[in-house]
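Colleague: This is the structure, below, for whatever I ask next.
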Amino acid sequence: MLYLDHAATSPVRPEVLEAMRPYLTGVFGNPSSHHTAGEAAASALDDARARVARVLGMRAGDVVFTAGGTEANNLAVKGIVLAALEAGRRHLVISPIEHESILESAEYLKRFHSVDVTLLPVDTGGRISADAVTAAIRPDTALVSVGHANNEIGTVQDAAALSAVTRAARVPLHLDAVQSAGWLPLHELGADAVSIAGHKLGAPKGIGALAVRGRVPIEPLLHGGGQERGRRSGTENVAGAVALATALELAEQERATVTARVGSATARFISLVLNSVPEAALTGDAVRRLPGTASFTFAGTSGESVLLELERRGVISSSGSACAAGSDEPSHVLLACGVPAEVAQTSVRFTFGREELPEDAPERLAALVAESVRAARG
């Protein structure tokens, strides 16, 4: 089987598994405990925190370990906005193509805390303009939250331009970097808060982080023991934190080489599919996109039918976000980009990993896609 759903999750890297093993066996203490075993675990946690912070261009004290990207996004959006309510700032700016964890956090704040939510316009490629952010910001804006790279179509936002706008307005900017971590440089984004998830990078599921600059007030969502400097209570996942730090460092070390190789193969695959499959259309921005993401619509088919045909031929892909799996509704991302609902339901997403594939993989894969689409169309 050829696994092309790395945007949903990636396998744990052997180096990561070895790095975390000691903290599942010998160094198993609770990092909050004041004894030798606890202090050893706390030392490993501090080291992992500093390593994550270095890659993100933050300080070690800015990093809050979470159970994954969804929790990190919830903590960013809810935590920053809730902390701003007392100062009378109850306006949130997001886009309609965000991950469900952002959209539903915004809906929660709107329903239960009377927060006013503004949805930024996006173009047909899913791009957000700095001018649109400037127009959306108000004196009572508490936060602007934008996905650095979209999880369905792979479009990459101009983080530097967006952060320049929010800095000038003195409004915090949160970037959901769950998909871009390991593929794009993160240390110069200029954001005030950044979310990442370990299982997209080669760490296990169940570990993520939110890095939020110390000057940004944040209200905790979990209360109890006061861990993570009071921002996220609960016994820390030391092995997971070590795994996340290791996976993030490895991805950063390899980033230039891997993105060039994967980006070239993906571009070749995209060109072959567009030239060989009638009515195939690339979704997302044609240029500013993640190196390993190729998302198409195949008019006249059902996306689920194409997926089944692909899997029969040994190719595992998806119709979009794993967090929306099982939904009969067309992708909210594609609808926001102006794709008609009946066409949006034909979407198929291929997301490549960091492993090396055979030189002819794009050609072989494109041929299998063409076969699968023909079979789905009957």
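The values are calculated or read from the model by the stated rules, or taken from the named source; none is laboratory data. Computed from a predicted structure; not experimentally measured. In this analysis, Cβ positions are derived from the backbone assuming ideal geometry, glycine residues included, and neighbour counts consider all displayed protein chains. Please note that ligands, DNA and RNA were not included when accessible areas were found on the heavy atoms of the full protein model with its side chains. Shrake-Rupley method; radii C 1.70, N 1.55, O 1.52, S 1.80 Å.
Colleague: At q = 0.14 Å⁻¹, what base-10 log of I(q)/I(0) does the Debye formula yield for segment 1-43 when every alpha carbon is treated as an equal point scatterer in vacuo?
Modeller: -0.50
Colleague: If the reach is capped at under 13 angstrom between alpha carbons, list the aspartates and glutamates near residue 205, excluding any in the same chain fewer than eight residues apart.
Modeller: 71
Colleague: To continue, here is another question. Taking only the C-alpha atoms, wrap a convex hull around segment 123-241 and report its volume per residue in Å³ as a whole number.
Modeller: Cα convex hull per residue, to the nearest whole number: 121 Å³.
Colleague: Quick one: with all protein chains in place, what share of the accessible area of segment 241-369 is carbon or sulfur, to the nearest percent (1.4 Å probe)?
Modeller: 53
Colleague: Using amide H atoms built 1.01 Å from N in the peptide plane, name the residues 5+ places from residue 320, or on other chains, whose amide H lies under 5 Å from its own.
Modeller: It is 349, by chain and number.
Colleague: With a sphere of radius 14 Å drawn around the Cβ of residue 297, what net charge do the other residues whose Cβ falls strictly inside it have (Lys, Arg +1; Asp, Glu -1)?
Modeller: Summing Lys/Arg as +1 and Asp/Glu as -1 gives -2.
Colleague: With a probe of 1.4 Å, find how much accessible area the chain has per residue, and write the answer as a whole number in Å².
Modeller: I get 41 Å² per residue for the chain.
Colleague: Further, regarding this structure: What are the principal axis extents of the Cα atoms in segment 306-378, in Å, biggest first?
Modeller: Largest first, segment 306-378 extends 36, 33, 22 Å along its Cα principal axes.
Colleague: Next up: Once the other residues with Cβ under 14 Å from the Cβ of residue 371 are scored (Lys, Arg +1; Asp, Glu -1), what is the net sum?
Modeller: +2
Colleague: So what's the angle, to the nearest 10 degrees on a 0 to 90 scale, between helix 100-113 and the longest Cα principal axis of the chain?
Modeller: 50
Colleague: State whether segment 269-341 is rounded, prolate or oblate according to the following rule on the C-alpha gyration tensor (a ≥ b ≥ c being the square roots of its eigenvalues): a/c under 1.5 gives rounded; otherwise a/b larger than b/c gives prolate, and the remaining case gives oblate.
Modeller: Rounded, because the longest to shortest axis ratio a/c is under 1.5.
Colleague: Assuming a ≥ b ≥ c are the square roots of the Cα gyration tensor eigenvalues, decide whether segment 2-98 counts as rounded (a/c under 1.5), prolate (otherwise, with a/b larger than b/c) or oblate.
Modeller: Cα axes put segment 2-98 in the oblate bin.
Colleague: Based on DSSP loop calls and a cut-off of at most 10 other Cβ atoms within 10 Å, the longest stretch of the chain free of exposed GluC sites (Glu not before Pro) is what?
Modeller: Answer from the scan: 189-358.
Colleague: Roughly what angle does helix 238-276 make with the longest principal axis of the chain, taking Cα atoms, 0 to 90 degrees, to the nearest 10?
Modeller: For helix 238-276, the angle is close to 20 degrees.
Colleague: Sticking with this one: Going from the alpha-carbon gyration tensor of the chain, what semi-axes, largest first and in whole Å, does one get by taking the root of 5 times each eigenvalue?
Modeller: Square roots of five times the eigenvalues give 35, 27, 17 Å.
Colleague: Could you tell me which trypsin sites (Lys or Arg not before Pro) in segment 125-202 are loop residues by DSSP with no more than 16 other beta carbons within 10 angstrom of their beta carbon?
Modeller: Those that pass, being in a loop and sparsely packed, are 170.
Colleague: Here is a follow-up. Given contacts defined as C-alpha pairs under 8 Å and at least six residues apart, what's the relative contact order of the chain, whole-number percent?
Modeller: 23
Colleague: At 1.4 Å probe size, with the rest of the protein present, what percent of the exposed accessible area of segment 1-138 is carbon and sulfur atoms?
Modeller: 55
Colleague: I'd like the orientation of helix 361-377 relative to the chain: the angle between its Cα long axis and the longest Cα principal axis, in ° from 0 to 90, rounded to 10.
Modeller: The helix 361-377 is inclined about 70 degrees to the chain.
Colleague: Could you check how many percent of all C-alpha pairs in segment 173-230 are farther apart than 15 Å?
Modeller: 56
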